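Only one structure is covered here, and it is reproduced in the block below.
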Amino acid sequence: QVQLVESGGGLVQAGGSLRLSCAASGRTSRTYAMGWFRQAPGKEREFVASINWIGSRTDYADSAKGRFAISRDNAKNTVYLQMNNLKPEDTAVYYCNQYGGIVAGPKARPDYWGQGTQVTVSS
């Protein structure tokens, strides 16, 4: 069974930065694509970013391009989401996910989800 544990969420002022981490355990995580989704109150869960198994390909939602960066350390079975220039509209619960293949992208459906970490951006 795969377990994904997020950390790094919190309260930050607009324009600030946060770095989310997701530690994966279970199946050999380094051979699967990973990513992040988010869900704001009253809205559907939406894709934020994904990274392929080796870290050579990344995909981002338009809202994240230029401000967020996804990366992974396969030696630590950990994926990161660096978020810069945060805006109030980035306020959401952020979910780490693992896909069933080595590549992902906005239309791929994850196999596993973490429990989520709250990010709140004040104006």
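The values are calculated or read from the model by the stated rules, or taken from the named source; none is laboratory data. Given the structure is predicted, the values throughout are model-derived calculations rather than measurements. When we count neighbours, we look across all protein chains shown, and the Cβ atoms used for this are built from the backbone with ideal geometry, even at glycine. For accessibility, only protein heavy atoms count, side chains too; no ligands or nucleic acids. Shrake-Rupley method; radii C 1.70, N 1.55, O 1.52, S 1.80 Å.
A few remarks follow.
- Summed over segment 85-110, the residues that are closer than 24 Å to Gly42 by Cα and open to solvent by 20 Å² or more (accessible area, probe 1.4 Å) give a count of 12.
- Answer residue from segment 7-59, given it is closer than 22 Å to Ala104 by Cα, part of a loop (DSSP other than H, G, I, E, B) and of a type in the set (D, E, K, R) and is modelled with the lowest pLDDT among those: Arg27
- Residue that is nearest to Gly100 (Cα to Cα) [pool: residues in segment 44-59 that are open to solvent by 50 Å² or more (accessible area, probe 1.4 Å) and touching a residue at least 12 places away in the same chain (Cβ under 8 Å)]: Trp53
- All told, Ala40 meets the bar of being surrounded by fewer than 21 Cβ atoms within 10 Å (Cβ to Cβ) and of a type in the set (A, V, I, L, M).
- Test for Val93: is it more than 11 Å from the chain's Cα centre (by Cα), part of a strand (DSSP E or B) and hydrophobic (A, V, I, L, M, F, W, C): no
- Counting the residues of segment 13-37 that are out of contact with any strand residue (DSSP E or B) (no Cβ under 8 Å at 6 or more places or on another chain) and open to solvent by less than 20 Å² (accessible area, probe 1.4 Å) gives 0.
- Residue check, Ala64 in a loop (DSSP other than H, G, I, E, B), aliphatic (A, V, I, L, M), over 10 Å from the mean Cα position of the chain (by Cα) and closer than 27 Å to Thr120 by Cα: yes
- Residue list for segment 111-123, filter: closer than 20 Å to Ala33 by Cα and open to solvent by 30 Å² or more (accessible area, probe 1.4 Å): Asp111, Tyr112, Trp113, Gln115
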